2 protein chains.
Amino acid sequence: MRHLTEQSLEALAIGAALLGTGGGGDPYIGKLMARQAIQDNGPITVIDTEELQDTAVCAMSAVMGAPTVLVEKLPGGGEQLAALTALEKHINKKITHIICAEIGGMNSTLPIVTAARTGLPLVDCDAMGRAFPEIQMSTPTLSGIQASPIALADDKGNSVVIDGVDNHWTERLARSITIEMGAAAFIALFVQTGKQVKESMIPNSLRLAESIGEAIIEARAQHSDPIHAALTEIDGFRIFKGKITDVERRTVAGFARGSLTAAGLERNAGETLEVEFQNENLIAAVSGRTVATVPDLIAIMDSETGEPITTEELRYGLRIQVIAAPCHPKWRSTEGLRLVGPRYFGYDTDYVPVEQLVASIGRETR
Amino acid sequence: MRHLTEQSLEALAIGAALLGTGGGGDPYIGKLMARQAIQDNGPITVIDTEELQDTAVCAMSAVMGAPTVLVEKLPGGGEQLAALTALEKHINKKITHIICAEIGGMNSTLPIVTAARTGLPLVDCDAMGRAFPEIQMSTPTLSGIQASPIALADDKGNSVVIDGVDNHWTERLARSITIEMGAAAFIALFVQTGKQVKESMIPNSLRLAESIGEAIIEARAQHSDPIHAALTEIDGFRIFKGKITDVERRTVAGFARGSLTAAGLERNAGETLEVEFQNENLIAAVSGRTVATVPDLIAIMDSETGEPITTEELRYGLRIQVIAAPCHPKWRSTEGLRLVGPRYFGYDTDYVPVEQLVASIGRETR
């Protein structure tokens, strides 16, 4: 058991932005909300999954939809509690612990707000080990755990509880409500016992995000390479150094799809990078050769500061470095790749682990 | 208290088709379902609102969306019970009585199926005295009664419970779920005490539909005018006799919108009729002069048989008679007209009661 303080948030938000692989929204807003909640209610209690009692009643607290909308109407926190209350009423049980849906982007810090406002402990784990756009893309799905009942709440006072037949249907129905609620909804979902959480979730996610952030902050302070420091934390690879020459974006079915092109600098001089994204970065290719694909992590960092850059922030002329890292082993199973592999996202390519792709290039990558 | 038998269904379906004013779907399907349910479970008990105990727990059982979809996949009745069960679980009370949402179209006969399958009594009343396309267009809205919690269920096993802040929001959220569920969903909503039902609902709706149907059937048997017989039951007016010369249809936001043009015959020779519809018939004009508008009832009948014709069945060359009748007085209030008057449907015209419009024409109308 430990306490998460205002100070921990800084590092956590940077690490979560990297693990968000371009998606999941700006963790800055989540950080502001979490800081306010901790200022109002005091530090929150974080426990490891091993400390969790088997009979604990855990639920995820998250935001669904376009996190960009939240920048325009900063939520007060009441919506998260409304979703949690609606879920508790539906299952006729009190939630005892809060868990994270994803460690990437805003959904890494929003559960902290919920924990602070409810006084409930937060369990150090998440269901993705990164960010993904859809509900069923969660490790509990691999364990046969239902995302529903899921409760949704908005800032107007509406609430909805969905019992989907499977996690794909739950995603589909919740998505339509989210759009109707104004493109963003607060949700509570994936009720699990402590025993289930230990089996289905990815442990130590908050700690990992904090370590990444601390490594980056410390490297900056010591004028050493923050990206190298981050790579050490995630067993990652430096894929490309260059300058953005083009960003193409289009909004398709509520997702921010597009691609990024960059021209190589230094050791990548003369080469071209292309990254395809759908909220998250999904495929990276250097001079036409695929070097990393989803579910492995692909993050774009500011060359100087080592700050992770979300897809919304990509713009012409930015000097970047692209890094990649292995995803959690659960995603590399047949069922895992069926849920979140490149083919699910519409790409006609099989998944090859990033370490194999990088080795096949045969050169220094860290 | 009385029993509704297979025999009563024939007349009820014809009357409900007339009161459906073109919308609410083909009552034929609802009749088939109700007949099957009564054959399986025996006659259902119908009680008048006056017989209802003040403490009774009443809920509407209905179908939302495009009733045409149900023709393609005839529901087994399980979806209605799933919606009712989800609602009961949410309110943590047993429903004791079933009530009708609308007496027009399929939703007049579907509650019979629910009553038969659950063994619960059906209360002789409805919330519209006709058919309307949206949830908030219900007399309980005028009494400040919430449509939510509303439960929705589909044939795949999904169920959703919505708590809307008001009946407009409940409609909006339920509509998006209905579309996602495949354009039709079974719903349970408007939980009311017996006391509230007596105040908020329109009584004797089933009896009215049956009387209209019986009058039409009897007139046919006696080779007298079935339309005249129907008009007597509803205090209605014969607006036009003619032949359809054009039907224009377009699907806008999930509703069947369009217009009908007919050339006059007999006493209407040389005149032109135009009817605008959005699921239901909303405005009727003869040679450019408005003769009836929503919420008053406008029904199109087959000239020979007196069979009410739904908007889907309108086609070139059909010989028709158009009739109109006063709506329930509740709809003629300021708040009623705000909910269902011509301006709500986007027409730039004030509501004038049909009997005044018809009197201003100054000729025999029955």
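The values are calculated or read from the model by the stated rules, or taken from the named source; none is laboratory data. Computed from a predicted model, the values in this text were never measured in an experiment. A quick note on method: Cβ atoms are made from the backbone with ideal geometry, for glycine too, and the neighbour counts reach across all protein chains shown. Quick note on the areas: whole protein, heavy atoms, side chains included, nothing else; ligands and nucleic acids left out. Shrake-Rupley method; radii C 1.70, N 1.55, O 1.52, S 1.80 Å.
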Item to complete: Report the relative contact order of segment A:119-270, percent, no decimals, based on alpha-carbon pairs under 8 angstrom and at least 6 residues apart.
Response: 19
Worksheet entry | Cα-based Rg of chain B normalised by 2.2 N^0.38 Å, two decimals | 0.94
Worksheet item: How big is the accessible area of A:LYS89 in square angstrom, nearest 10, if you roll a 1.4 angstrom probe over the protein chains?
Response: 120
Practice prompt. Given the options A:SER176, A:SER259, A:SER205, state which has the largest fluctuation in a GNM of chain A using a 10 Å cut-off (strictly under) for Cα springs.
Written response: A:SER176
Item to complete: Highest first, please rank the peptides A:19-26, A:141-148 by the mean number of other Cβ atoms sitting within 10 Å of their residues.
Response: A:19-26, A:141-148
Discussion item. Under the rule of at least 5 residues apart or a separate chain, name every residue whose amide H is placed under 5 Å from the amide H of B:LYS156.
Written reply: none
Worksheet item: Under the definition of Cα pairs under 8 Å and six or more residues apart, what whole-number percent is the relative contact order of segment A:109-182?
Response: 22
Item to complete: Counting helices only, and only those DSSP H runs with n ≥ 4, report the 222 nm mean residue ellipticity of the protein assembly as shown as the sum of -39,500 (n - 2.57) divided by its residues, in deg cm²/dmol to the nearest 500.
Response: -10000 deg cm²/dmol
Worksheet item: If you plug each phi of segment A:346-358 into the Karplus form 6.51 cos²θ - 1.76 cosθ + 1.60 with θ = phi - 60°, what whole-Hz ³J(HN,Hα) values come out, in order, with x for Gly and Pro?
Response: x, 9, 8, 8, 7, 6, 10, x, 4, 5, 6, 4, 5
Worksheet item: To the nearest 100 Å², how much accessible surface do chains A and B cover up together, summed over both, with a 1.4 Å probe?
Response: 1900
Worksheet item: So who's got an amide H within less than 5 Å of the one on A:ARG343, skipping anything under 5 residues away but keeping other chains? H placed 1.01 Å off N, in plane.
Response: A:THR349
Response to the item:
Rounded to the nearest 10, the angle in degrees between the Cα long axis of helix A:6-19 and the longest principal axis of the Cα atoms of chain A comes to 60
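Where only protein heavy atoms count, and the probe is 1.4 Å, what is the accessible area per residue for segment A:165-260 in Å²?
Per-residue accessible area for segment A:165-260 comes out at 41 Å².
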Item to complete: Keeping the other protein chains in place, figure out the carbon and sulfur percent of the accessible area of chain A, with a 1.4 Å probe.
Response: 50
Fill in: Shortest-first distances to equivalent copies, position A:ILE91, nm, label 7 Å out along Cβ
2.6
Item to complete: Would you mind getting me the FRET efficiency between A:GLU307 and B:TYR344? Use the beta-carbon distance for r and R0 = 41 Å, nearest 0.05.
Response: 0.20
Practice prompt. Would you please classify the overall shape of segment B:137-213 from the alpha carbon gyration tensor, given that a ≥ b ≥ c denote the square roots of the eigenvalues, rounded means a/c under 1.5, and beyond that prolate means a/b larger than b/c while oblate covers the rest?
Written response: oblate
Worksheet entry | In sequence order, calculated HN-Hα J values of segment B:191-201 (Karplus, 6.51, -1.76, 1.60; Hz; x Gly/Pro) | 5, 9, 6, x, 4, 5, 4, 4, 8, 9, 9
Response to the item:
Distances in nm between the label point of A:THR232 (7 Å along Cα→Cβ) and its equivalents in the other copies, shortest first, are 9.8
Worksheet, complete the sentence: Rounded to the nearest 10, the angle in degrees between the Cα long axis of helix A:78-91 and the longest principal axis of the Cα atoms of chain A comes to 60
Practice prompt. Quick one: check the C-alpha center-to-center distance for segment A:208-260 versus segment A:165-182, whole angstrom.
Written response: 30
Discussion item. Can you classify segment A:31-188 as rounded, prolate or oblate using the Cα gyration tensor, where a ≥ b ≥ c are the square roots of its eigenvalues, rounded means a/c under 1.5, and otherwise it's prolate if a/b beats b/c and oblate if not?
Written reply: rounded
Response to the item:
Interchain or sequence-distant (5+) residues whose placed amide H lies within less than 5 Å of the amide H of B:ILE44 are B:LEU4
Practice prompt. Could you pull out every one of the lysines with an alpha carbon less than 25 Å from that of B:LYS195, ignoring same-chain neighbours closer than 8 positions?
Written response: B:LYS89, B:LYS93, B:LYS94, B:LYS330
Worksheet item: For segment B:309-314, what does the Karplus curve 6.51 cos²θ - 1.76 cosθ + 1.60, with θ = phi - 60°, yield as ³J(HN,Hα) per residue in whole Hz, taken in order and with x for Gly and Pro?
Response: 10, 7, 4, 5, 8, 4
Response to the item:
Interface residues of segment B:86-135, defined as losing at least 30 Å² of accessible area versus the chain alone with a 1.4 Å probe, are B:LYS89, B:HIS90
Worksheet entry | Average Cα contact separation per residue, chain A, under 8 Å, 6 or more apart, as relative contact order % | 19
Item to complete: Please label the shape of segment A:81-120 as rounded, prolate or oblate, based on the square roots a ≥ b ≥ c of the eigenvalues of the alpha-carbon gyration tensor (a/c under 1.5 means rounded; beyond that, a/b larger than b/c means prolate, else oblate).
Response: prolate
Worksheet item: Put the label 7 Å from Cα along Cα→Cβ for A:PRO43; what are its distances to the other copies, in nanometres, shortest first?
Response: 7.6
Worksheet, complete the sentence: To the nearest 10 degrees, the tilt of helix A:205-221 (Cα long axis) against the first principal axis of the alpha carbons of chain A is 40
